[in-house]
1. If you scan segment 42-53, which residues turn out to be in a loop (DSSP other than H, G, I, E, B) and within 13 Å of the chain's Cα centre (by Cα)?
2. Identify, by number, the condition in (1) open to solvent by less than 100 Å² (accessible area, probe 1.4 Å); (2) in contact with a helix residue (DSSP H, G or I) (Cβ under 9 Å, 6 or more places away or on another chain); (3) assigned to a helix (DSSP H, G or I) that Thr28 doesn't meet.
3. Considering only segment 54-78, how many residues are within 16 Å of the chain's Cα centre (by Cα), exposed (fewer than 11 other Cβ atoms within 10 Å of the Cβ) and either in a loop (DSSP other than H, G, I, E, B) or charged (D, E, K, R) (or both)?
4. From the list Leu13, Leu4, Leu24, pick out the single residue that is within 14 Å of the chain's Cα centre (by Cα) and farther than 22 Å from His103 by Cα.
5. From the residues in segment 6-25 that are among the charged types (D, E, K, R) and more than 27 Å from Thr53 (Cα to Cα), which one is most open to solvent (accessible area, probe 1.4 Å)?
Amino acid sequence: AAALRDMDATLRLPDPSEIVAIPLDEHTFDNIQSMTLTTMFGPLDVLFKPEGTEGYEDLVLRATTVEDAGVAVPVISVEDLMLSKQAAGRPKDLEHLLVIERHLRG
């Protein structure tokens, strides 16, 4: 929640001109599975249990750690990302899946 406050996160809505501030504290994520946000850095989706996965404990097993500015962050594996996109099955996820597959083919 503190990191999201630092990024000026607000709810992302269909009308980008509409801004909805939300309280970002220790209770923000109680009982929710996902949240779509807009930040000073661009759009951000927060997924607590992506489709087709068992959540963090499952995903961290195959994650790669990336370090930037002295901060180590686990990043989902491409394979898990693809499985999640397939499981979600939304048109935008299937489009993303095609882009990922093209990228992997080189």
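1. Phe48, Lys49, Pro50, Glu51
2. (3)
3. Total satisfying the criteria: 2.
4. Details: Leu13 fails: within 14 Å of the chain's Cα centre (by Cα); Leu24 fails: within 14 Å of the chain's Cα centre (by Cα).
Of Leu13, Leu4, Leu24, the one residue that is within 14 Å of the chain's Cα centre (by Cα) and farther than 22 Å from His103 by Cα is Leu4.
5. Our first condition is that a residue be among the charged types (D, E, K, R); within segment 6-25, this holds for 6, 8, 12, 15, 18, 25.
Next, only the ones that are more than 27 Å from Thr53 (Cα to Cα) stay: 6, 8, 15, 18.
Values: Asp6: 115, Asp8: 96, Asp15: 72, Glu18: 99 Å².
Across segment 6-25, the extreme among qualifying residues is Asp6.
The values are calculated or read from the model by the stated rules, or taken from the named source; none is laboratory data. The structure presented is a predicted model; accordingly, all values stated were derived computationally and were not measured. Glycine also receives a Cβ, built like all others from the backbone with ideal geometry; neighbour counts cover every protein chain displayed. Accessible surface is based on the protein model in full, side chains and every heavy atom, while ligands, DNA and RNA are left aside. Shrake-Rupley method; radii C 1.70, N 1.55, O 1.52, S 1.80 Å.
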